[in-house]
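Remarks on the structure that follows.
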Amino acid sequence: MDPFGANGNGNEDALPPPPPVVPSDIVPITAAQELPPEPVKKKVSRVPIARRGLATKGTKLSLLTNHFKVNVANNDGHFFQYSVSFSYEDGRPVEGKGVGRKVIDRVQETYGSELNGKDFAYDGEKTLFTIGSLARNKLEFTVVLEDVISNRNNGNCSPDGHGSPNESDKKRMRRPYRAKTFKVEISFASKIPLQAISNALRGQESENFQEAIRVLDIILRQHAAKQGCLLVRQSFFHNDPKNFADVGGGVLGCRGFHSSFRTTQSGLSLNIDVSTTMIIQPGPVVDFLIANQNVRDPFSLDWAKAKRTLKNLRIKVSPSNQEYKITGLSELPCKEQMFTLKKRDGDDVTEEEVTVYDYFVNNRKMELRYSADLPCINVGKPKRPTYIPVELCSLLSLQRYTKALSTLQRSSLVEKSRQKPQERMRVLSDVLKISNYGAEPMLHKCGITIKPGFAQVEGRVLQAPRLKFGNGEDFNPRNGRWNFNNKKIAQPTKIERWAVANFSARCDVRGLVRDLIKCAGMKGIPIEDPFDVFEENGQFRRAPPMVRVEKMFENIQSKLPGAPLFLLCLLPERKNSDLYGPWKKKNLSDFGIVTQCIAPTRVNDQYLTNVLLKINAKLGGLNSLLGVEFSPSIPIVSKRPTIILGMDVSHGSPGQSDIPSIAAVVSSRQWPLISKYRACVRTQSPKVEMIDNLFKKVSENEDEGIIRELMLDFYSSSGKQKPDNIIIFRDGVSESQFNQVLNIELDQIIEACKFLDEKWDPKFLVIVAQKNHHTKFFQPGAPDNVPPGTVIDNNVCHPRNYDFYLCAHAGMIGTSRPTHYHVLLDEIGFSPDDLQELVHSLSYVYQRSTTAISVVAPICYAHLAASQMGQFMKFEDKSETSSSHGGLSAAGAVPVPQLPKLEAKVCNSMFFC
């Protein structure tokens, strides 16, 4: 049956039934007797295509980039890779992290001559590299390490300078400094020719090349580790308070730099960029907790929450300066928590039960100002706790904070970490000097030298596409912007049968509605008066969000003659209102009502215009469209039915290992338009990047996957035509996952198409968009960001693959981040100019703003749809439960909760706009 057929049964003979699925242990007799065994067809795996020449359109522009030219003089020889394993002298493997580098350093100090004086590039885990081989394929060493005192304070005196420890203290303190003996085994694993690097630069990539570049990156990491940096992948952070910015909640933004080797069309380059990570505020534990929980004093702290927050953090304890890892808190306060104190009197050992408080105050003669009524910090094992009063504990610096930031923290971070282009260039030049890579012996032996100047590239500035508004008016955006002053909306929709729901927002609601109606009239949007304004009943103001939404709906239902087509909702707080998710779910999923939430603070014409743009798009209108879309004259796209897909997966914050990931795919509709979209959103296993519901066969002739739903909508909204061309924009995948996009996701999409109609054979274009990279462009000698429409496809792009950078938007603050587009597959046959033009144009069709955006609109929409549907199931913040601290959640084992479906009336709308 052809689901595309107008009457559903127009083409039944064309599709033979799929073969039955046979369990593996049953041999179908007939098949075995009649057919010779078929050779198994090996599936050809796709790889990213090679570049098809360079584009030429646009005004040329000379630029600088934060890539530094690398010369590689040494082409002979090999990196030798060795596996490293550590064990204690009794044979137990070493579990703890962080000891590796100390042990390997000690091996080099102690056994230099047996290692032929060779330098190591060690990754901090189980692998090290040398240039040339070691004496034998397997080497074993024994080294001794003392437990180290933190010397961030000076010696043994407590930080606040109160006295020095007495004799018995010194005995107590000496006990943990047992010297540990480690056995180290180094065994040969493989060798990598240095030649692989120069081959890759000529466009001949080999497996070896990725490994060779990895070794160079490991050398950079090791170089930074030796300078005492915190390492986060290829980013390095020095312990320097002038790089710290307080963003609130006991969290600091720590500025460092990213540094990695890249192969480009013009050779090997070192890419250096500014980078930021979040760290815990160092210093007294109590100060951190007070800031983190936003309370006045330590006695107002929620200690259950504090226990989750503190687990696994590292502290130093005064006055000994010994470092420990926090394992938990005591059940009882310090003055009640007992432990067994052993006392030696000559040969006799006596035991007595004392409280932690008494022990520190009476035995160790230490003044405790506020710890008596607070829990103690436990740094021992679960069975053998070691308790320390909280005021003696200070958090060490450079400890990462991995939970999601609140909206306020995020905006504070953005504000404090932005840098204008010229300032960023100055900082990067300084980083290169400070890093002193010339002094790194391993790089020196590879014959690697790094030029100090920013590399030069040639950009081209594409002309902005012409836009169409209402009344046939045309406009050429200037500097990536336009506005609706004195303009009418291109395709207005009527706003009728609507009402206002006010959840205790303090504002002049009647005045707001009056201004909204006036503004809509000026923009050419026909709008009726609202049926009514429903004010929230004051008695529910403190009720849970779900209850408040229910009560509001009961009120609306009791007074309205029929279901409204649109509801304007006034929320009391901007951002992060906990009413948002339940309200959206009730409207979109339960009733199919289009809704717009606002938190009116400063209401002016511009604000109301922006709100109306969103409402118009949600109700099916179009605010502006491209001239080439109106006349349809987009190369290729306007000639044959073409669907554009935007695909994205959003994950919970790093600590939330048990929150389902949300996959969103948006698709264009009403071809030949490329400005109208609808979305399909599904949950999937946590942290899985590949979308797994594109094709979901549930029976012989049923597919409940995402693609089928989108293709059927395209067909019905585009005059009963199937797309001949399918253009896919995929967001959020790294280069290592390109092959999976081409071989796993694309296969599912093709299967879904074949399942709809066996004879249908559309052509594909697959493009990945990356925002998280570290290449930036600068205008030499000018303070401004690169102009909107700047495209770069030479010099710093890939030596073989088809990629380009595009900065479509006008960067107003900080330094613009271009989007890096990778064309993985093009069966359709775009010329480089036409393709860059299409991608540029798709940055101008974003209906909720009057600016070009930094990445194509379908990807932005997928992102919006995923985050809005994610609010429906406001998954509790489980990031503080045990699973985020090393507890494993079995991926895929847990059934993932499904998102509620959108009601039929709104499922094809731009509800996410």
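Would you mind getting me the FRET efficiency between Ser187 and Val533? Use the beta-carbon distance for r and R0 = 56 Å, nearest 0.05.
Working: r = 76 Å, r/R0 = 1.35.
Result of the calculation: an efficiency of 0.15.
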* Which residues' amide hydrogens lie under 5 Å from the amide hydrogen of Leu899, considering only partners 5 or more residues apart or on another chain, with H built in the peptide plane? -> Thr683
* Approximate spin-label separation Ala404-Arg514, in nm, with each point projected 7 Å along Cα-to-Cβ -> 4.1 nm
* Asked: What is the distance, in nm, between label points placed 7 Å from the Cα along the Cα-to-Cβ direction at Val94 and at Asp347?
  -> 4.1 nm
* Would you count, across region 377-501, every pair of lysines whose alpha carbons are under 22 angstrom apart, provided the pair is eight or more residues apart or spans two chains? => 7
* Sites Asn476 and Ser867 - FRET efficiency at Förster radius 25 Å, r taken between beta-carbons, to 0.05 -> 0.15
* **Added length on full extension, which subtracts the Cα-Cα distance from 0.36 nm per residue, Arg384 to Lys325** => 19.8 nm
* Compare Lys335, Lys771 by solvent-accessible area with a 1.4 Å probe and give them largest first, with all protein chains kept in place. => Lys335, Lys771
* **Amide H partners (placed H, <5 Å) of His78, local residues excluded** => Gly132, Leu194
* Quick one: what are the phi-derived ³J(HN,Hα) couplings along region 549-556, Karplus 6.51/-1.76/1.60 with θ = phi - 60°, whole Hz, x for glycine and proline? => 5, 4, 5, 4, 5, 4, 4, 5
* To do: Using only the alpha carbons, work out the radius of gyration and Dmax of region 542-625 in angstrom.
  => 13.9, 45
* Structure fact -> Close lysine pairs (region 577-680; alpha-carbon distance under 23 Å; 8 or more apart or on separate chains) counted at 11
* To do: With all protein chains present, calculate the accessible area of Arg574 using a 1.4 Å probe and round the result to the nearest 10 Å².
  => 140 Å²
* Asked: Tell me, what ³J(HN,Hα) does each residue in region 293-299 have, in order and in whole Hz, if you take phi through Karplus 6.51 cos²θ - 1.76 cosθ + 1.60 with θ = phi - 60° and put x for Gly and Pro?
  -> 9, 6, 10, 7, 8, x, 7
* Asked: What full-extension length gain, to one decimal in nm, is calculated for Lys905 and Arg46 as 0.36 nm per residue of separation minus the Cα-Cα distance?
  -> 305.3 nm
* **Positive-end residue, region 55-124 charge dipole about Cα centroid, Cβ charges, pick of Ser113, His67, Pro93** => His67
* With Cα Rg over 2.2 N^0.38 Å in mind, check (1) 1.09; (2) 1.75; (3) 1.13 and report the label derived from this structure. => (1)
* Setting aside same-chain residues fewer than 8 positions from Lys905, which aspartates and glutamates have a Cα under 16 Å from its Cα? -> Glu496, Asp590, Glu709, Asp713
* Asked: With all protein chains present and a 1.4 Å probe, how do Arg460, Arg400, Arg262 order by accessible area, largest first?
  -> Arg400, Arg262, Arg460
* To do: Find the all-direction average of the projected area of the Cα convex hull for region 285-401, expressing the result in square nanometres with one decimal place.
  => 7.9 nm²
* Structure fact -> Once all protein chains are kept in place, Lys720 shows an accessible area at probe 1.4 Å, nearest 10 Å², of 110 Å²
* **Amide hydrogen neighbours beyond the local backbone of Met366, cut-off 5 Å, H modeled** => Val361
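Restricting everything to alpha-carbon atoms, can you work out Rg to Rh for region 244-343 with a Kirkwood hydrodynamic radius? Walk me through the intermediate numbers first.
Values: Rg = 20.3 Å, Rh = 17.1 Å.
In region 244-343, Rg relative to Rh is 1.19.
Set the bar at 19 Å for Cα to Cα. Now go through Lys697/Lys754; Lys43/Lys754; Lys57/Lys771 and name every pair that lies beyond it.
Checking Cα-Cα distances, Lys57/Lys771 exceed 19 Å.
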* Could you calculate the FRET efficiency of Arg542 with Leu565 from 1/(1 + (r/R0)^6), where r is the beta carbon distance between them and R0 is 30 Å, rounded to 0.05? => 0.40
* Structure fact -> Taking 0.36 nm per residue of separation between Glu140 and Asp724 and subtracting their Cα-Cα distance, the length gained on full extension comes to 203.9 nm
* To do: Order the following by accessible area, largest value first: Glu536, Glu423. Probe radius 1.4 Å; ligands, DNA and RNA are ignored.
  => Glu423, Glu536
* Structure fact -> Carbon plus sulfur, as percent of the 1.4 Å-probe accessible area of region 630-787, comes to 51 percent
* Please work out the C-alpha center-to-center distance from region 49-66 to region 183-252 and express it in whole Å. => 29 Å
* **Convex hull of region 784-856 built on C-alpha atoms - directionally averaged projected area, nm²** => 5.7 nm²
* Asked: So, by mean Cβ neighbours within 10 angstrom, what's the order for 303-309, 337-343, 213-219, 739-745 with the highest one leading?
  -> 213-219, 739-745, 303-309, 337-343
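Express the accessible area of the chain per residue in Å², computed with a 1.4 Å probe while the remaining protein chains stay in the model.
Details: 43050 Å² over 913 residues.
Per-residue value: 47 Å².
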* Structure fact -> Residue by residue through region 485-496, the couplings from Karplus 6.51 cos²θ - 1.76 cosθ + 1.60 with θ = phi - 60°, in Hz, x for Gly and Pro, are 4, 6, 10, 9, 6, 4, 10, x, 10, 7, 9, 9
* In terms of Cα to Cα distance under 12 Å, which aspartates and glutamates are near enough to Lys551, apart from those fewer than 8 places away along the same chain? -> Glu535, Glu536
* Give, rounded to the nearest 20 debye, the magnitude of the charge dipole that the chain has about its Cα centre when Lys and Arg contribute +1 at Cβ and Asp and Glu contribute -1 at Cβ. => 2120 debye
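The values are calculated or read from the model by the stated rules, or taken from the named source; none is laboratory data. Treat the numbers as computed from the prediction; the structure is a model and nothing was measured. In this analysis, Cβ positions are derived from the backbone assuming ideal geometry, glycine residues included, and neighbour counts consider all displayed protein chains. Accessible surface is based on the protein model in full, side chains and every heavy atom, while ligands, DNA and RNA are left aside. Shrake-Rupley method; radii C 1.70, N 1.55, O 1.52, S 1.80 Å.
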